[in-house]
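In what follows, a single structure is set out as structure tokens and then discussed.
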Amino acid sequence: LKSDWHKARVNYANLLHRLDRHRDAGRIYREAAEFFGKAGDLIAAARCEYNTANTLVQLFEIDDADRSYGRARQIYEQEGFDLDACNVRYGQAWLRMLKGELHVAMLELGECAKTYREAGARRGEALCNLDLAEVALGLGLFSDALDSARRADQELEHDGRAEAPD
């Protein structure tokens with residue numbers, strides 16, 4: 001089946017991405033996103049858009065990455081995949097940080113942390129709080145940075161205890 005072929009190609013693109021062959025991986029992701037979109041497998045198309053955006057970030061093609069993240073987020077939100085949409089939002093917050101849009105990044109990261117917290121995704125919440133600390137430092141909000149870092153530490157400590165063997 002053509003669908004299976006594209007899924008295998010996406011797995012190959014994942015390997016290429018890990019090997020820093022971002023252009024090659026991005027090309028495969030884009031082709032797969034187009035195929036899955038036409039085939040009606042919107043979630044697979046969204047995953048490919050998300051992966052495409054991640055390759056574009058590595059290549060510092062920020063505006064193209066933002067558009068690709070936007071397409072993925074729109075699909076995830078329409079289909080009710082809230083955590084996947086939050087993962088995309090987290091990627092978009094990183095783009096804001098890279099562009100120096102620290103206030104926007106702070107708002108996005110705050111929303112991500114809240115979504116992860118409500119879903120019980122402690123690691124995601126902790127990562128958002130770490131990035132919030134970084135943004136706060138960039139804005140000269142030192143006590144806010146310390147508070148965010150402490151929240152992240154508490155989440156990671158709790159998460160580590162939850163995963164520790166008896």
Problem - Largest to smallest principal axis extent of the C-alpha atoms in the chain, angstrom - result: 54, 43, 32
Exercise for the section: Check cross-link reach from K7 to the aspartates and glutamates: straight Cα distance under 15 Å, and skip same-chain residues fewer than eight apart. Expected result: E31, E34, D41, E49
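For every other residue with a beta carbon closer than 11 angstrom to the beta carbon of L137, add +1 if it is Lys or Arg and -1 if Asp or Glu, then tell me the sum.
Here the count lands on -3.
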Handout entry: Length gained when the stretch N14-A39 is fully extended (0.36 nm per residue, less Cα-Cα span)
Key = 6.9 nm
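Evaluated at 20 °C with a viscosity of 1.002 mPa s, what Stokes-Einstein diffusion coefficient in µm²/s does segment 8-63 have when Rh comes from the Kirkwood expression over alpha-carbon pairs? Don't jump to the answer; show the numbers that get you there.
Numbers: Rh = 10.9 Å.
Rounded, D is 197 µm²/s.
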Handout entry: Set of lysines with alpha-carbon distance to K2 below 17 Å, sequence-local pairs under 8 removed
Key = K38
Handout entry: Where segment 77-163 is the region considered: accessible area per residue in Å², 1.4 Å probe
Key = 57 Å²
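Rounded to a whole number, what % of the accessible area of the chain do carbon and sulfur atoms account for, probe 1.4 Å? Kindly include the intermediate steps, with their values, before the conclusion.
Numbers: 4830 of 9560 Å².
About 50 percent, which is the carbon plus sulfur part of the accessible surface.
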Exercise for the section: Treating the angle as unsigned and between 0 and 90°, give the value, to the nearest 10°, between the Cα long axis of helix 62-79 and the longest Cα principal axis of the chain. Expected result: 90 degrees
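The values are calculated or read from the model by the stated rules, or taken from the named source; none is laboratory data. These numbers were taken from a predicted model, which means no experiment stands behind them. Here the Cβ is made from the backbone with ideal geometry for all residues, glycine too, and neighbour counts use every protein chain on show. All accessible areas refer to the heavy atoms of the entire protein, side chains included, with ligands and DNA or RNA removed. Shrake-Rupley method; radii C 1.70, N 1.55, O 1.52, S 1.80 Å.
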